[in-house]
Amino acid sequence: MAKHRSDGGLGFKIFHTFNLAMLGKQGWHIITKPQSLVARVFKARYFLTKSFFEAPLGSNPSFLWCNIWETRGLIRAGAYWRIGNGRLVSVWGQLWLRKLPESLVSTIPPPNYAGIVVSNLIINHRWNESLIAQMFNKRDRSCILNIPLSPLSCSDAWCWKFESKGYYSIKSAYRLLVDGFQHREGCEIWKRFWKAKVPPKVLNFCWRALVNAVPCLLSLQSKRVPVDLSCPLCHAALENVLHIMIQCPFAAAAG
């Protein structure tokens, strides 16, 4: 039932996964609103000298923190720094390359540039291409130079890469957890099935028949119920979904 409708399911939410996506909003608030009371309390208690992504679970953690702590991997997969003036973002170890899955620089830090921030790569609101070519490998260089810079000296800000406006959404987080935003082909038969112009209750019953969810004697046996499998009407074959719907003479006569 939790499968996507294009895969033959009903599209019901997976409760644990959906709950994690909702909790992710609290983790998102911690990194995007560090001056809020909740963020300051959690930081003082659990990750005073570390970032949210590096935070340990801690000793005797609260129930709320245990749940928010579980969302770090989810938020890390979708969060990145939108570069403004580059003063808040360290070049190494922080998420700021939007187009990449991990958003991290892969180049090994040169000895003389280990502690620099992104603003050191910018001159007059433009990327310092000669310095970038000297410091980074081809993959990182291409990603950095494709990041647009604003002519205004605005501050760096966290963004969610799976929404056009950059804000975290439960819907996109749930989709990320379920299928990783991979392109869903689905089955053409199921796509056409769900578009059928019939009453919902008829469509639901047909779906149950197609996925063998209609009660029958064969289903009871699969659940280890000792029953006689012969059809109680015609006694000519085993009672399964196909027999009940089509093959039984009584079903054919009723149709």
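A simple rule links phi to the HN-Hα coupling: the Karplus curve 6.51 cos²θ - 1.76 cosθ + 1.60 with θ = phi - 60°, which for segment 134-150 gives 6, 8, 10, 6, 4, 4, 5, 4, 5, 5, 5, 5, 8, 7, x, 10, 7 Hz, with x for Gly and Pro.
Over all directions, the projected convex hull of the C-alpha atoms in segment 111-255 averages 17.9 nm² in area.
Rg/Rh for segment 108-164: what does it come to with C-alpha atoms and Rh from Kirkwood? Kindly include the intermediate steps, with their values, before the conclusion.
Numbers: Rg = 12.6 Å, Rh = 12.9 Å.
Reported Rg/Rh, Kirkwood definition of Rh: 0.98.
3J(HN,Hα) along segment 158-163, derived from phi through the Karplus expression 6.51 cos²θ - 1.76 cosθ + 1.60 where θ = phi - 60°, amounts to 6, 9, 9, 6, 9, 10 Hz, with x in place of Gly and Pro. Largest first, the residues ARG141, ARG82 sort by 1.4 Å accessible area into ARG82, ARG141.
Here the 3J(HN,Hα) profile of segment 35-47, calculated from phi with Karplus coefficients 6.51, -1.76 and 1.60 at θ = phi - 60°, is 8, 5, 4, 4, 5, 5, 5, 5, 5, 5, 8, 10, 9 Hz, Gly and Pro shown as x. Scaling the Cα radius of gyration of segment 2-135 by the globular reference 2.2 N^0.38 Å produces a ratio of 1.32. With the radius of gyration and the Kirkwood radius both derived from the Cα set of segment 16-60, what is their ratio Rg to Rh? Here the Rg-to-Rh quotient is 0.99.
Using a probe of 1.4 angstrom, how much of the accessible area of segment 73-167 is carbon and sulfur, in percent? Here it works out to 53 percent.
Dividing the alpha-carbon radius of gyration of segment 43-83 by the rule-of-thumb value 2.2 N^0.38 Å gives 1.24.
When the residues HIS125, HIS243 are ordered by accessible surface, computed with a 1.4 Å probe over the protein chains alone, the sequence from largest down reads HIS125, HIS243.
With all protein chains kept in place, the per residue accessible area of the chain amounts to 64 square angstrom at a probe of 1.4 angstrom. Among the listed values (i) 20.5; (ii) 23.1; (iii) 24.0, the one computed from these coordinates for Kirkwood radius over Cα pairs in Å is (ii). Only protein heavy atoms count here; under a 1.4 Å probe, SER130 has an accessible surface of about 90 Å². Measuring spread by the Cα atoms of segment 127-194 yields a radius of gyration and Dmax of 19.0, 57 Å. Give me the accessible area of ARG139, 1.4 Å probe, in Å² rounded to the nearest 10. For ARG139, solvent-accessible area is about 100 Å².
How about segment 109-213: which GluC sites (Glu not before Pro) there lie in a loop by DSSP and see at most 13 other Cβ atoms within 10 Å?
When the GluC sites (Glu not before Pro) of segment 109-213 are filtered for loop state and at most 13 Cβ neighbours within 10 Å, GLU185 remain.
Taking only the C-alpha atoms of segment 95-139, the Rg (one decimal) and the largest Cα-Cα distance, Dmax (whole number), read 10.9, 29 Å.
Under the convention that each Lys and Arg Cβ holds +1 and each Asp and Glu Cβ holds -1, the size of the dipole of segment 185-255 around its Cα centre is about 340 debye. Measuring only protein heavy atoms, the 1.4 Å probe finds LYS13 accessible over about 100 Å².
The values are calculated or read from the model by the stated rules, or taken from the named source; none is laboratory data. Quick caveat, the model's predicted, so the values are computed rather than measured. So basically every Cβ, Gly included, is an ideal-geometry build from the backbone, and we count neighbours across all protein chains shown. Surface areas here come from the heavy atoms of the whole protein model, side chains and all, with no ligands, DNA or RNA. Shrake-Rupley method; radii C 1.70, N 1.55, O 1.52, S 1.80 Å.
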